[in-house]
1. So if we plug the beta-carbon distance of residue 166 and residue 313 into 1/(1 + (r/R0)^6) with R0 = 60 Å, what FRET efficiency do we get, rounded to 0.05?
2. Please list 3J(HN,Hα) in residue order for the stretch 451-467, calculated via the Karplus relation 6.51 cos²θ - 1.76 cosθ + 1.60 where θ = phi - 60°; whole Hz, with x for glycine and proline.
3. Would you mind telling me the share, in percent, of accessible area of the stretch 136-280 contributed by carbon and sulfur at probe 1.4 angstrom?
4. Out of residues 5 or more away from residue 8 or on other chains, whose amide H comes under 5 Å of its own, with H placed 1.01 Å from N in the peptide plane?
5. Quick check: at a probe of 1.4 Å, how many percent of the accessible area of the stretch 1-93 sits on carbon and sulfur atoms?
6. If you place +1 on the Cβ of every Lys and Arg, -1 on the Cβ of every Asp and Glu, and leave all else neutral, what size is the dipole of the chain about its Cα centre, to the nearest 20 Debye?
7. Which one, 342, 325, 359, projects farthest toward the positive side of the charge dipole computed for the chain from Cβ point charges (K/R +1, D/E -1)?
8. For the stretch 166-215 and the stretch 299-332, write down the distance between their C-alpha centroids in whole Å.
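The values are calculated or read from the model by the stated rules, or taken from the named source; none is laboratory data. Nothing here was measured: the structure is a model prediction, and the numbers come from that model. Reconstructed Cβ throughout: ideal geometry from the backbone, glycine too, with neighbour counts over all protein chains shown. Side chains included, ligands, DNA and RNA excluded: accessible areas come from the protein's heavy atoms. Shrake-Rupley method; radii C 1.70, N 1.55, O 1.52, S 1.80 Å.
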Amino acid sequence: MKKYDVLIIGAGIAGLYSAINIPSDKEVLVVCKDVPWECNTFYAQGGLATAMNKEDIASHIEDTMVAGSYHNNRDAVEIMSKISLETTKDIIDKGMEFDKDEQGNILYTKEAAHSISRIVHAGGDATGIYLHYFLMVQNKHKLQKNTLVYDLLIKEGRCYGVKAIVNYKPITIYADNIIIASGGVGSLYEFNTNSRTISADIHGICAEKGIPLADMEMMQFHPTVFVKTPYARKLLLTEALRGEGAFIVNENGERFLFDYDERGELASRDIVSRAIFDYKRKNNNEDVYLDFSMFDKDFFHKRFPNITRSFLALGYHFPTDRVPISPAFHYAVGGIKSDTYGRVDGVTNLFAIGEAASTGVHGANRLASNSLLEGLVFAKRSIKYILAQKKEDYEIPSFDKDYATILHKENDKEYRQRLRSIMWHDIGIIRTKDDLKRAKNLIYDIKNQDIGRLLELRLNTASAIVESALARDESLGAHYIE
Ligand code: SIN
């Protein structure tokens, strides 16, 4: 029976950088649900946050802690910030090209709640595309696409592998170590910026198996998203736009964010998202815009080529035209509880890293562009831990239960839509206890219908979010109770 040394679920930054750090004599399999670029890494625009030098570490740590409302695991933050220097160097040494000025110096940008410009970017506003391509080229291990994991094979504190569907056929994949790098929960929300593949399945499996999820009430909304498209993934307008000087204005072109926070457009994204939400609510749902008219046209097109192109296709001419924006779900701060080596509590050889995980590094709200950094840093640490372990001999037990024939049922689509609406309206940017209780009951009702396995997994994750939100009475970071 084929058994891999390491099985990695997910081909975003955390999954691929894990694979890159495993020597070629190990048997490694990376699996992803669809094509490999359908992941949140690919759609990242802003960049990769990094401490600029040793002197900047303390300030990067402090900015991360302030954005996270000091709910962060300080150890994890210190590890991430300190290791950011060697990590950024490592990918640059391996050939990753970040944007540079004419003298060849790397260009750093600023995003909300960073006290200095410390974010490296590539292709202007196409950091994710460049980084993902770089990682794909660097990875020499086997990558298998169209592999949808629907169960983790866990018995008595060990994970033996997964069950998955590959091209409509159920298969079992065994491995000594299993790394979950499957991203967050975006598809649970009606308005979200995530890849369509990010649908909370693995979180749902963990919830089912009693593997702890942490900080699940901390769901982060990005303030500047164009939501007036029919597609599930809504169009992000990177925070770097505001970092470089774009304004948020009302119908009359007036900036109103200073009424909410003295940092205006550069307040942390939870504050800006809530301010926009509140402003619209108090003003008859009037449109709110991102205004770029202060930018020089050539500068804008060079710095933000990706956004310029995608919005031109929708009829917007940047930087002249302003664009209506709304907050949308962006990032799961909470996730599968893991330590700073990615280890998952209670299952010796199971690891969770990147957005799928909750190490506590982001506290109650993630600082902009720390997610790509987190993916790199904790991927490498989990591999360091795995490679230091002695190979064990063990028998693989049998796992009889199989859900492969009931992954989808007839009415799932309608229930999924209902769930997305509940999540957006009742477990969204501004929450009330009554809405949360209502949402909890509605989720429970859908769970009791005749539904498929994948929807059940989504509902498990949704339940975990609503339960955590109900358990926290006070507002904190991304969790805001009115
Ligand atoms: C953005 O470009 O605004 C998103 C960056 C992030 O999510 O950290």
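1. Efficiency, from the Cβ-Cβ distance: 0.95.
2. The phi angles translate into 10, x, 4, 5, 5, 4, 5, 4, 5, 4, 5, 4, 4, 4, 5, 5, 4 Hz.
3. 49 percent
4. For residue 8, the qualifying residues are 29, 30, 31, 179.
5. That share works out to 52 percent.
6. Roughly 1140 debye for the chain.
7. 342
8. Between the Cα centres of the stretch 166-215 and the stretch 299-332 lies a distance of 30 Å.
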